[in-house]
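Have a look at the structure below before the remarks.
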Amino acid sequence: MKQELIIAGFGGQGVMSMGQLLAYAGMKEGKHVSWLPSYGPEQRGGTANVSVVISDKEVGSPVIDKPTSVIALNNPSFEKFEPMLIEGGDLFTNSNLVDISSKREDIYFLPVPATEIAKNLKMERVAGMVLLGAFITKTKVLSKDSLLEALINVLGEKKKHLIGVNEEAILAGENLIEKKLFLTK
Amino acid sequence: MKTAFERTNGLKDVDTHYCPGCTHGIIHRLVGETLAEMGALERTVGVASVGCSVLSYDYFNCDMTQAAHGRAPAVATGVKRVLPDDRLVFTYQGDGDLASIGMGEIVHSAARSENITVIFVNNAIYGMTGGQMAPTTLMGQKTATSPLGRSSAAQGLPIRVSEMLATLDGTTYIERVSTHDVAHVMKAKKAIRKAFDTQEKNKGFSMVEILSTCPTNWGLTPEESLQWVKDEMIPYYPLGIYKDLREER
Amino acid sequence: MGKVLMKGNEVIGEAAIHAGCYYFFGYPITPQSELVAYMAKRLPEVGGLFLQSESEVSAINMVYGAASAGKRVMTSSSSPGFSLKQEGISYLAGAELPAVIVNVARGGPGLGNIQPSQSDYFQVTKGGGHGDYHTPVLAPANLQEIIELTSDAFRIADQYRTPVILLGDGMLGQMMEPVEFNEKTETGDNFMKDWATTGTEGDGLPKVITSLDLNDVKLEQRNHRLQAKYRKIENNETKVEVKNVEEADYVIVAYGTVARIAHSAIEKARQDGIKVGLIRPISLWPFPKKIISDTSKNVKAILTVEMSAGQMVEDVRLAVEGKSPVSFYGRTGGIIPTVDEIYREILKLGKGVTS
Amino acid sequence: MESNRIIVTGHYGSGKTEYALHEALQKEGSQIYLCDLDVINPYFRSRDYKEELEVNGVNLVAPKGDLMKADLPIVTGEVAMRLNEKDATVIIDVGGDEDGATVLGQFAPVIEEMPYEFLFIANMNRPSVATAEKMISVIRAIELNSRLHVTGIIHNTHLCGEAVTSEEIHHGETVCQEVSKKLGVPLVATMIEEELYKEISESLIAKEQLIIFKRRLRSPWYV
């Protein structure tokens, strides 16, 4: 199994850390992973994206030309990466921030109202976790446990109290997929 | 009978290549003697620069490393920072090396208060390359590259390095001395000793600027050259202590 | 010690420390700044020293000083800053001082941009500064390999008393991969540095480190000594990875991160029944001439892929000496060649089209 | 030339060193010293002919050993020493232009103690002295920096071994004569290379004394 995921959005939306969390979780599962950021001026306030490869085999190119999944957190990212997605790939969006729909019929389009769900959990910052929960459930590339383990590791002692709300966010994402609360074209 | 001129252990037993009347020889001797008197030769590393004193490593009787043009303070920083604290590290630089191409290195090593000693030999001209203008060349002074005499409009004004570095908080001891007569040579030696003492006591950056001669490129006899230092250089580059924070630090 | 997820620039820093390098003089420049910051934080923890210099010129000369004093020492930069270090690298080579200099290359010429590039190949492999010298150049393709090659770089530097270049690109510096630091590391304790200027401590005559030889005969002797050393390095330190070359009709030569992309393209081609192999020079100098020369006798064509307008391809052609056609595909300006692009170039080889 | 102090000066590429070598090798006696005072250029200096000089009984005064080839403006103490020896014949080969002449300044007082020849070598093919006016200005600058007076001009129009016509030499002489007249300094001789002389001697209408010399400063590719 090999997942080539691009997460894209505005700088400051947590794009880089979302990717890092997945790479970390993948590593903990003994998979081969790579994390390659787009870096440069756009990183500061402009659009930012990160390429994460999670694979059973050694990672060849860390550069992703044809993602198997895309998580888009704003319209420009949607427009840029939606056409690149492989046939049968998964396109996740934060539907509270992306108001476009995919017209491609060969992919799974999964608009997730992540911000709304996060707001209900009284912590808007966990919107990314909702999307990651949806991502791992849909693609089955990682277990929920390893994602949680990675999260515990990243949060550390100081932010241990935030584990609960993050876990709830991941579960919310998982639920959306399991209940098939998304559109497929 | 007492020998008036004894060889110091601070210098190797070889003749120097300096022209008659050039005071590099005297300055070498003063530095060598000082290190010998401090019993520091065996724990000193000198950094030779580029200029007439490029071969100073052939004369100083201690470990020496030779630096690229102007970079001696950076090299000295590298040497000093990685060796045990009891090691003394000095640079021996001319005005072209220190005040022109190496201005960045000297200013920043001073600002960092690198615990090194800089021996800065200022003779207001480029010796090595054959008498071109230096940053310290005096107004009106004719050189190969200021054939009509240095003018503020064409070549800008000379830099007073000691005064400038004294303004930096990082510097601990800075003195300008001269070698144009015996009394001043004695004073120069005291200044060199104070500078090395500053380093020995771990008090930070020390520099002695020594006004020197260049009979060959000035076109003057050795005697006239000494007079020129006195009459022309000292008025523009007044002697004295520009910074002394040895007690405060 | 298990696997840790680290950024390329951090790995270089940690690998240097593991290799017994406790002194680092640096100056920030994107995309290697994390390395400088990592060293600033990490070196004091292990009793080492980090110093931010006022310029790249100064940094390399601080390295010269520390190397004179016999210490394992490193500096790093990216292309424009690396150019500034060339003077010092020439002096290190001339004075025969060991040091490791990292270039996390970016787009050029001039200020260029901060995207990855391999356009400093000529500069690092052909000497770079003034005078007749070479620096061994090691080019890792993944983060685990950085650890191995950094250790190698210090060993080669000390063994041959020469500056060694570790060449990466912005992609390698910025990406994250799991890496594992083994217990066993090359710490350099087995190198006697009796030439170092540390203060004589009364033991023997004063030592001098210099690259100046006024006498032409003596300078030629120094050059002969350097050249003899370079021949020895060529014989002992050439490093290359070879994949699927034996039965191949075509071979791609690529190094660093580009070799990984090329490898993905090769896999795709092999699935389609095209027999393509990969030669990945790991040491760019010494260049693995022999394997390329030998391989060229048995293949239909060789393709060189670089993130440059064509630099390493010149060395490939010199090695091939006309024994097979050599084509080139490159992207510049910080654009990374894609798997598909390289795949299309492979297809062209099959049709006998050479660019 | 009566004096046993001969100082050879001129602009870059005038043929100073060629003349100084020629003069030194002509001299007879045991105390002949050729002082290489060229601190300006590290190439094409008298010191490169050390062996030939020594074989012919001429002592070269120049930095010793490795320093001989240093990019350092070294003036050895021996120069002053030889200048103080009254019976010695001292020929001083000075570096180019007024910059090279500066080095003489330190010796001016001791040189002036005895009669001396201060010869200016002029190659009319060098743009900086191609007219009488320009030549005078160079001579003036050299005199100012050396603190000595030019006592004679030696005309040496050449193209570093390439053929020069007798007309060119004639023209050169005419300009030098003009300078000589204006400055009140004699035009001592015209130098001409042996081989060239053989070729053009028939057409050469030299008015001055001729110095036929064997060219020593040659490019490495000369066979």
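The values are calculated or read from the model by the stated rules, or taken from the named source; none is laboratory data. These numbers were taken from a predicted model, which means no experiment stands behind them. No Cβ is skipped: glycine too gets one built from the backbone with ideal geometry, and neighbour counts run over all protein chains shown. To get the accessible areas, we keep the full protein, side chains included, count just its heavy atoms, and leave off ligands, DNA and RNA. Shrake-Rupley method; radii C 1.70, N 1.55, O 1.52, S 1.80 Å.
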Legend entry - Boolean, B:Ala99 is more than 10 Å from every other protein chain (Cβ to nearest Cβ) and either open to solvent by 10 Å² or more (accessible area, probe 1.4 Å) or assigned to a helix (DSSP H, G or I) (or both): yes
Legend entry - Flag for C:Ala67 being open to solvent by less than 10 Å² (accessible area, probe 1.4 Å), in contact with a Ser or Thr (Cβ under 7 Å, 6 or more places away or on another chain) and farther than 18 Å from C:Gly127 by Cα: no
Legend entry - Only listed residue being out of contact with any strand residue (DSSP E or B) (no Cβ under 8 Å at 6 or more places or on another chain) and either in the same structural domain as C:Gly112 (by TED's automatic domain parsing) or touching a residue at least 40 places away in the same chain (Cβ under 8 Å) (or both), chosen from C:Gly26, C:Gly88: C:Gly88
Inset, instruction - Among what's in the range D:83-98 and is crowded, with 17+ Cβ neighbours inside 10 Å and at pLDDT 90 or above, pick the residue that is farthest from the other protein chains (Cβ to nearest Cβ). - result: D:Thr89
Inset, instruction - Kindly check whether there is at least one residue in the range C:68-75 that is outside any loop (DSSP other than H, G, I, E, B), more than 11 Å from every other protein chain (Cβ to nearest Cβ) and either under 24 Å from C:Gly112 (Cα atoms) or touching a strand residue (DSSP E or B) at 6+ places or on another chain (Cβ under 6 Å) (or both). - result: yes
Inset, instruction - Taking D:Ala101 as meeting all but one of (1) open to solvent by 10 Å² or more (accessible area, probe 1.4 Å); (2) in a helix (DSSP H, G or I); (3) among the aliphatic types (A, V, I, L, M), write down the number of the exception. - result: (1)
Inset, instruction - Could you grab me the full set of residues in the range C:312-333 that are under 28 Å from A:Pro37 (Cβ atoms) and either free of Cβ contacts under 8 Å to residues at least 12 places away in the same chain or surrounded by 22 or more Cβ atoms within 10 Å (Cβ to Cβ) (or both)? - result: C:Met312, C:Tyr329
Inset, instruction - Could you look through the range C:236-284, keep only residues that are free of Cβ contacts under 8 Å to residues at least 12 places away in the same chain and more than 14 Å from chain A (Cβ to nearest Cβ), and pick out the one that is surrounded by the fewest Cβ atoms within 10 Å (Cβ to Cβ)? - result: C:Gly273
Legend entry - Residues located in the range C:26-56, provided they are among the hydroxyl-bearing types (Ser, Thr, Tyr), modelled with pLDDT of 95 or more and open to solvent by 40 Å² or more (accessible area, probe 1.4 Å): C:Tyr27, C:Tyr38
Inset, instruction - Run down B:Thr65, B:Thr77, B:Thr16, B:Thr91 and say which single residue is assigned to a helix (DSSP H, G or I) and either polar (S, T, N, Q) or in contact (Cβ under 8 Å) with a residue 40 or more places away in the chain (or both). - result: B:Thr77
Inset, instruction - Return only the number of the condition from (1) more than 8 Å from every other protein chain (Cβ to nearest Cβ); (2) open to solvent by less than 50 Å² (accessible area, probe 1.4 Å) that C:Tyr23 does not satisfy. - result: (1)
Legend entry - Unmet requirement for C:Thr198, which otherwise passes all of (1) open to solvent by less than 20 Å² (accessible area, probe 1.4 Å); (2) touching a residue at least 12 places away in the same chain (Cβ under 8 Å); (3) more than 14 Å from chain A (Cβ to nearest Cβ): (1)
Legend entry - Qualifying position, being away from every other protein chain (no Cβ under 11 Å), closer than 18 Å to C:Thr150 by Cβ and without any contact (Cβ under 8 Å) to a residue 40 or more places away in the chain, among C:Ile12, C:Ile17: C:Ile17
Legend entry - Number of the exception - B:Ser225 against (1) of a type in the set (Ser, Thr, Tyr); (2) within 12 Å of B:Ala124 (Cβ to Cβ); (3) away from every other protein chain (no Cβ under 13 Å); (4) open to solvent by less than 30 Å² (accessible area, probe 1.4 Å): (3)
Legend entry - Unmet requirement for D:Ile200, which otherwise passes all of (1) at pLDDT 90 or above; (2) β-branched (Val, Ile, Thr); (3) open to solvent by less than 40 Å² (accessible area, probe 1.4 Å): (1)
Legend entry - Selection from the range B:177-228 of residues that are over 15 Å from the mean Cα position of the chain (by Cα) and hydroxyl-bearing (Ser, Thr, Tyr): B:Thr198, B:Thr216, B:Thr221, B:Ser225
Legend entry - Top-ranked residue in the range C:45-56 [being touching a Lys or Arg at 6+ places or on another chain (Cβ under 7 Å) and within 7 Å of chain B (Cβ to nearest Cβ); ranked as farthest from B:His69 (Cα to Cα)]: C:Leu49
Inset, instruction - Report yes if C:Leu214 is open to solvent by 50 Å² or more (accessible area, probe 1.4 Å), within 12 Å of another protein chain (Cβ to nearest Cβ), without any contact (Cβ under 8 Å) to a residue 40 or more places away in the chain and under 30 Å from D:Tyr43 (Cα atoms), otherwise no. - result: no
Inset, instruction - Restrict the check to the range C:77-88 and report whether at least one residue is open to solvent by less than 40 Å² (accessible area, probe 1.4 Å) and among the aliphatic types (A, V, I, L, M). - result: no
Legend entry - Given (1) β-branched (Val, Ile, Thr); (2) without any contact (Cβ under 8 Å) to a residue 24 or more places away in the chain; (3) within 14 Å of chain D (Cβ to nearest Cβ), number of the condition B:Val182 does not satisfy: (3)
Legend entry - Selected residue (only one of B:Thr216, B:Thr198 is within 20 Å of B:Arg112 (Cβ to Cβ), of a type in the set (Ser, Thr, Tyr) and assigned to a helix (DSSP H, G or I)): B:Thr198
Legend entry - Considering residues of the range B:39-62 that are part of a loop (DSSP other than H, G, I, E, B) and surrounded by fewer than 24 Cβ atoms within 10 Å (Cβ to Cβ) only, the residue farthest from the other protein chains (Cβ to nearest Cβ): B:Gly39
Legend entry - Among residues of the range B:106-144, those that are within 9 Å of another protein chain (Cβ to nearest Cβ), closer than 25 Å to B:Asn202 by Cβ and open to solvent by 10 Å² or more (accessible area, probe 1.4 Å), counted: 4
Legend entry - Out of A:Val98, A:Val59, sole residue that is within 14 Å of chain C (Cβ to nearest Cβ) and touching a residue at least 12 places away in the same chain (Cβ under 8 Å): A:Val59
Legend entry - Enumerated strands (runs of 3 or more DSSP E) restricted to the range A:21-106, each holding at least 3 residues that are touching a Ser or Thr at 6+ places or on another chain (Cβ under 8 Å) and surrounded by fewer than 18 Cβ atoms within 10 Å (Cβ to Cβ): none
Inset, instruction - Collect the residues in the range B:160-176 that are among the basic types (Lys, Arg) and either over 13 Å from the mean Cα position of the chain (by Cα) or part of a helix (DSSP H, G or I) (or both), keeping them in residue-number order. - result: B:Arg160
